[in-house]
Amino acid sequence: MSSTPHFLPTGTVYGTLLNFRAEVEALATQMTQPPYKAPPKAPVLYVKTANTWSPHGSAITVPAGVPEVEVGASIGMVIGAEGDVEGFVLMNDLSIPHASFFRPPVKFKCVDGFLGIGPVLRDAQEVADPAGFRVEVRINGELKQSLDFSQLVRPAQQLLADVGEFMTLAHGDVLMLGCGPGRPLARAGDRIDISAPGFETQSNMLVKEATA
C-alpha cells in the first residue's frame, strides 16, 4: 500500500451510475419510460468536480436547508500513464437525495466537499481481482451498508474498456466503479467510515453550514 498520505486526484473524477445489478433492477421500470424507453447501452458517467474533493479526515459541510445526504460508497480506479489502472482508492460519493433519474445530477452531486477521498492509493499490483472488493459503510460506528463488487454490471476492466470506446481517460483521472442501491442517509454531526479489506479506512465528519 502506498505510504503517501491523504491521496487526492491529479485529473478528473468520473462517477458511474447503474453499475450494480441491484441498482439496475430497482430502476428497471423507470428506464423503460420516456424519454429513453430502454436501459442505457453504454456506461452512464458524471463528473465529480474538483470543488467536491474532501481528503480523508476532513470535515464536510452540509448546506443549510439540506436535512440529509446520501452516502455513496465506491472504489475509484486511478488511471496510469499507459491508460492502465495504477491503483484503487476508497471514495464517499455524497449526494443530496433527489428523484431525478435522467437529468444530469450536477446540482445534487457537485456541492462543495461532496466527495470523500482516500486516505491512500492501493497499488493495482496488489489486487488480484477487483471483483473481490467488499466495502462496508458505518455511520457513527454502526454498519449501514455492505457492497459486493462481484455484483457489478461491468466489472472493472470491462468498464474501463467500454468507457474507452467513447472517451480517453488521462493519467491521473479516476473512474469510480459505481455505488450500490439502498444508499444510507447521514446528517450533520455524523461520522462516516468506509472500509474494505486491504484499504485504510476512509473517514469524514459531516458538519452543519455556518449561518449568520
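The values are calculated or read from the model by the stated rules, or taken from the named source; none is laboratory data. The structure displayed is predicted, hence computed values, not measured ones. In this analysis, Cβ positions are derived from the backbone assuming ideal geometry, glycine residues included, and neighbour counts consider all displayed protein chains. Protein only, heavy atoms only, side chains kept; ligands, DNA and RNA dropped before computing areas. Shrake-Rupley method; radii C 1.70, N 1.55, O 1.52, S 1.80 Å.
Restricted to the stretch 176-187, and to residues there that are farther than 30 Å from Ala161 by Cα and surrounded by fewer than 19 Cβ atoms within 10 Å (Cβ to Cβ), the residue that is nearest to the chain's Cα centre (by Cα) is Leu185. Among the residues of the stretch 139-149, those that are surrounded by fewer than 20 Cβ atoms within 10 Å (Cβ to Cβ) and either touching a strand residue (DSSP E or B) at 6+ places or on another chain (Cβ under 7 Å) or at pLDDT below 95 (or both) comprise Ile139, Asn140, Leu143, Lys144, Gln145, Ser146, Asp148. If you filter the stretch 72-96 down to residues that are in contact with a Phe, Trp or Tyr (Cβ under 8 Å, 6 or more places away or on another chain) and outside any strand (DSSP E or B), you find that the one that is nearest to Asp129 (Cα to Cα) is Leu94. The number of residues in the stretch 150-161 being surrounded by fewer than 14 Cβ atoms within 10 Å (Cβ to Cβ) and not hydroxyl-bearing (Ser, Thr, Tyr) comes to 2.
Within the stretch 86-107, at least one residue is closer than 25 Å to Gly198 by Cα and more than 14 Å from the chain's Cα centre (by Cα). Condition check for Asp123 on (1) open to solvent by 40 Å² or more (accessible area, probe 1.4 Å); (2) out of contact with any Ser or Thr (no Cβ under 9 Å at 6 or more places or on another chain); (3) of a type in the set (Asp, Glu): one failure, at (2).
The rows are residues; the columns are (1) modelled with pLDDT of 95 or more; (2) open to solvent by 40 Å² or more (accessible area, probe 1.4 Å).
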{"residue": "Ser3", "(1), (2)": "no, yes"}
{"residue": "His6", "(1), (2)": "no, yes"}
{"residue": "Leu45", "(1), (2)": "no, yes"}
{"residue": "Gly57", "(1), (2)": "yes, yes"}
{"residue": "Val62", "(1), (2)": "yes, no"}
{"residue": "Asp93", "(1), (2)": "yes, no"}
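Being assigned to a strand (DSSP E or B) and closer than 20 Å to Pro63 by Cβ, is that true of even one residue in the stretch 135-157? So far as the stretch 135-157 goes, yes, one or more of its residues are assigned to a strand (DSSP E or B) and closer than 20 Å to Pro63 by Cβ. When the stretch 118-134 is limited to residues that are assigned to a strand (DSSP E or B) and in contact with a Gly (Cβ under 8 Å, 6 or more places away or on another chain), the one that is farthest from Pro197 (Cα to Cα) turns out to be Asp123. Look at the stretch 192-207: where a residue is among the aromatic types (Phe, Trp, Tyr) and a partner is modelled with pLDDT of 95 or more, sitting 6+ places away or on another chain with Cβ atoms under 7 Å, you get Phe199/Leu90; Phe199/Arg122. Please work out if Gly83 is modelled with pLDDT under 95 and of a type outside the set (A, V, I, L, M, F, W, C). In short, yes.
Selection of first residues in the stretch 43-71 that are in a strand (DSSP E or B) and of second residues that are open to solvent by less than 20 Å² (accessible area, probe 1.4 Å) and of a type in the set (D, E, K, R), restricted to Cβ pairs under 8 Å at least 6 apart or on distinct chains, gives the following pairs, ordered by first then second residue: Tyr46/Lys109; Lys48/Asp93; Lys48/Lys109. I'm trying to understand the selection: among the residues of the stretch 79-88, which are touching a His at 6+ places or on another chain (Cβ under 9 Å) and open to solvent by less than 10 Å² (accessible area, probe 1.4 Å)? Those that are touching a His at 6+ places or on another chain (Cβ under 9 Å) and open to solvent by less than 10 Å² (accessible area, probe 1.4 Å): Ile79, Gly80.
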